[in-house]
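The values are calculated or read from the model by the stated rules, or taken from the named source; none is laboratory data. Predicted, not measured: the structure shown is a model, and the values here were computed from it. FYI the Cβ positions are ideal-geometry reconstructions off the backbone, even for glycines, and counts take in every protein chain you see.
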Amino acid sequence: MFTYKDVFNDKTIKEILSKIDYNDRQRICSHGTRHAYSCIRIAKTLFDEFKINPIYLQETLIACSLHDIGNLGGKHNHAKRSFKFARIFLKDKLLKAPKKRILTAIKNHSKTRKNASIIEKVLVCSDKLDMSKTRLMPNGNSFNGMRQSAFIEEIKPIRKLDYFIVEIIVTNQFNINEWNSYYFTKKIVKAVNNLAKTLGLKPKIEYKKA
C-alpha cells in the first residue's frame, strides 16, 4: 500500500522540498517540508478528534504531502503546478478512484468549495490552520497580519458536544484586530466553517492566552 511516508522517502520529492525550503528563507512563511508535515499532523488530529471515516485518512495525508510541491515555481498558480506534478508522480502508484480524489483536492486546495470531497475539505482546513509561529519565516515578521503568527503558540481543533472549536493559543503581544483584518484569517474561517458544516457541527474560533 502506497502511503504518505513513501512520498517523503522519494528522492525527487526530497530534492524538490529541499529547494522549496531554500526558497522559503526569502518568503513570509513555509511552503516546504515544515509546512507539509504540519498539515499532516493537523489532518491526523482532525480525523481523530472529529471521527472522520479513516478509510480516507491515507489519501488525505498523501494530498497534504504534495499540495504545495508546485511552490517550487513560486506562489502564483502553485496549486495547478502541484496538481500537474502529482498527476505524473502518482500515475502508477494508486488506483483510479483514490488518485482522482487526491488530485482534485490538490488542484483546488487554494479554494473553499462546498461540494468538495472530505479529503479536499480536510486538506484545505489543515493547510489554513497551519498558521502558528512554527510556520513563520523571518520576512513574515514585517508583513502586516502574518507577523501576528509569531505570537500564536498553537492552534488546536477540538470537538466539544456539537461544536467544532478551533482554539488559538496566543501570547500577550498578539494583536487580534490586525489578525482579524488579515485576508488569510478570513480563509481560515471559511475553511473551518465548511468542514464543520459537512460534519454537522457548529464552528467556533476561540482565542486563549498562553
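Considering only residues that are among the basic types (Lys, Arg) and either outside any helix (DSSP H, G or I) or in contact with a strand residue (DSSP E or B) (Cβ under 7 Å, 6 or more places away or on another chain) (or both), look in the stretch 143-190 and name the one that is nearest to Tyr207 (Cα to Cα).
Lys156
Read through the list (1) surrounded by 20 or more Cβ atoms within 10 Å (Cβ to Cβ); (2) more than 20 Å from Leu195 (Cβ to Cβ); (3) of a type in the set (Ser, Thr, Tyr), then give the number of the only condition that Ser117 fails.
Going through (1) surrounded by 20 or more Cβ atoms within 10 Å (Cβ to Cβ); (2) more than 20 Å from Leu195 (Cβ to Cβ); (3) of a type in the set (Ser, Thr, Tyr) one by one, Ser117 breaks only (2).
Please work out which one of (1) under 24 Å from Ile55 (Cα atoms); (2) touching a residue at least 60 places away in the same chain (Cβ under 8 Å); (3) of a type in the set (A, V, I, L, M, F, W, C) is the condition Met146 fails and give its number.
(1)
Would you confirm whether any residue within the stretch 139-159 is modelled with pLDDT of 95 or more, crowded, with 21+ Cβ neighbours inside 10 Å, within 21 Å of Cys39 (Cα to Cα) and aromatic (Phe, Trp, Tyr)?
No, there is no match, as no residue in the stretch 139-159 is modelled with pLDDT of 95 or more, crowded, with 21+ Cβ neighbours inside 10 Å, within 21 Å of Cys39 (Cα to Cα) and aromatic (Phe, Trp, Tyr).
Restricting to the stretch 67-82, what's the tally of residues that are crowded, with 19+ Cβ neighbours inside 10 Å and in a loop (DSSP other than H, G, I, E, B)?
2
Going residue by residue through the stretch 41-62, is there one that turns out to be within 25 Å of His76 (Cα to Cα), without any contact (Cβ under 8 Å) to a residue 24 or more places away in the chain and of a type outside the set (A, V, I, L, M, F, W, C)?
For the stretch 41-62, residues within 25 Å of His76 (Cα to Cα), without any contact (Cβ under 8 Å) to a residue 24 or more places away in the chain and of a type outside the set (A, V, I, L, M, F, W, C): absent.
Out of all the residues in the stretch 29-64, which are of a type in the set (Ser, Thr, Tyr), closer than 28 Å to Arg147 by Cβ and surrounded by 24 or more Cβ atoms within 10 Å (Cβ to Cβ)? Break it down into steps so the answer makes sense when it comes.
Kept after step one, since they are of a type in the set (Ser, Thr, Tyr), are these residues of the stretch 29-64: 30, 33, 37-38, 45, 56, 60.
Still in the list and also closer than 28 Å to Arg147 by Cβ: 30, 33, 37-38, 45.
Residues satisfying the conditions do not exist here.
Out of (1) at pLDDT 95 or above; (2) outside any helix (DSSP H, G or I); (3) polar (S, T, N, Q), the odd one out for Gln26 is which?
The one condition Gln26 does not meet is (1).
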